[in-house]
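The values are calculated or read from the model by the stated rules, or taken from the named source; none is laboratory data. A quick note: this is a predicted structure, and the numbers were derived from the prediction, not measured. Positions of Cβ are generated from backbone atoms using ideal geometry, with glycine treated the same way; all protein chains shown enter the neighbour counts.
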């Protein structure tokens, strides 16, 4: 069995530290182990939630968000994006399926903007790593960005813009598409079905390995950041209540964002060193929606006007959300 490249990166960092600073290597390993142990209860709960959603078929409930009047669909789609656990292969194929089936772009955009920011597993881990207030703010940010983006697209669509959003040749395949085209019933008592029990354990194993490798790397990087990045530098660049720190965090979030789960410990460490809370939230929102891998996937799927609007809504929304949260925390 080949070793995942994320594990290799973590191992490489530790070996490099052993060569140049053996004491820091030991400190980083201890820091990472302690951080993983501290977040273990939240980690286990998030794994259970995600595996349970897959085994019961609760993620199929997302199909109900894309029916009704356009305004109702926008609200439901934002909620579905912000609260529904979704399989890792599903987001991009799902968007293609929705658009190919002529679901209004406004509802699709609402889901698309809200989905990368928050889900139940992310909420639990955000609470454990940063705090409940920040997790609630991030959830509200997901809903607010999704609804606002959907309403903007709805207004543009009514005026005659944004027709035929998909690039030529884009189909509607993928497991995400099937959830909408052919939603399956939810079986809450999944343990009574052998196949669903097997799916639960398979999902739990897959999610455990995914979170373990990303959080190990994230806590390792956090240990290096705390060791080598002066707190006063972070405070000077990203602290305070002005628009500058939030704008910088919004723009930096695009190339620097690793993964929704991996970013949490990094932002937690920056907040401890003086980063403004609003800047931290802006980083997570902007990075989640417009990280380079996500942006490339969107680019490959939709025409240029839709892609440009997606980026503008993401960055503009993240910046505004950061300012609002900074104002709230200053009260």
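Scanning the range 219-243 for residues that are over 28 Å from residue 36 (Cβ atoms), in a helix (DSSP H, G or I), touching a helix residue (DSSP H, G or I) at 6+ places or on another chain (Cβ under 9 Å) and modelled with pLDDT under 75 gives a single hit, 237.
Would you call residue 85 at pLDDT below 80, in contact with a helix residue (DSSP H, G or I) (Cβ under 6 Å, 6 or more places away or on another chain), under 28 Å from residue 262 (Cβ atoms) and part of a helix (DSSP H, G or I)? Before the answer, list the steps.
Details: at pLDDT below 80: yes; in contact with a helix residue (DSSP H, G or I) (Cβ under 6 Å, 6 or more places away or on another chain): yes; under 28 Å from residue 262 (Cβ atoms): yes; part of a helix (DSSP H, G or I): no.
So residue 85 does not fit the description; no.
Annotation note: of 128, 149, the sole residue that is in contact (Cβ under 8 Å) with a residue 24 or more places away in the chain and more than 17 Å from residue 307 (Cβ to Cβ) is 128. Against the numbered list (1) closer than 19 Å to residue 289 by Cβ; (2) surrounded by fewer than 20 Cβ atoms within 10 Å (Cβ to Cβ); (3) at pLDDT below 75, residue 99 comes up short only at (2).
When 246, 216 are screened for being within 27 Å of residue 46 (Cα to Cα), assigned to a helix (DSSP H, G or I) and at pLDDT 85 or above, only 216 passes. Residues of the range 273-291 that are in a helix (DSSP H, G or I) and either free of Cβ contacts under 8 Å to residues at least 24 places away in the same chain or under 11 Å from the mean Cα position of the chain (by Cα) (or both): 284, 285, 286, 287, 288, 289, 290.
Scan the range 297-331 for residues that are within 19 Å of residue 245 (Cα to Cα) and in a loop (DSSP other than H, G, I, E, B) and the total you get is 1.
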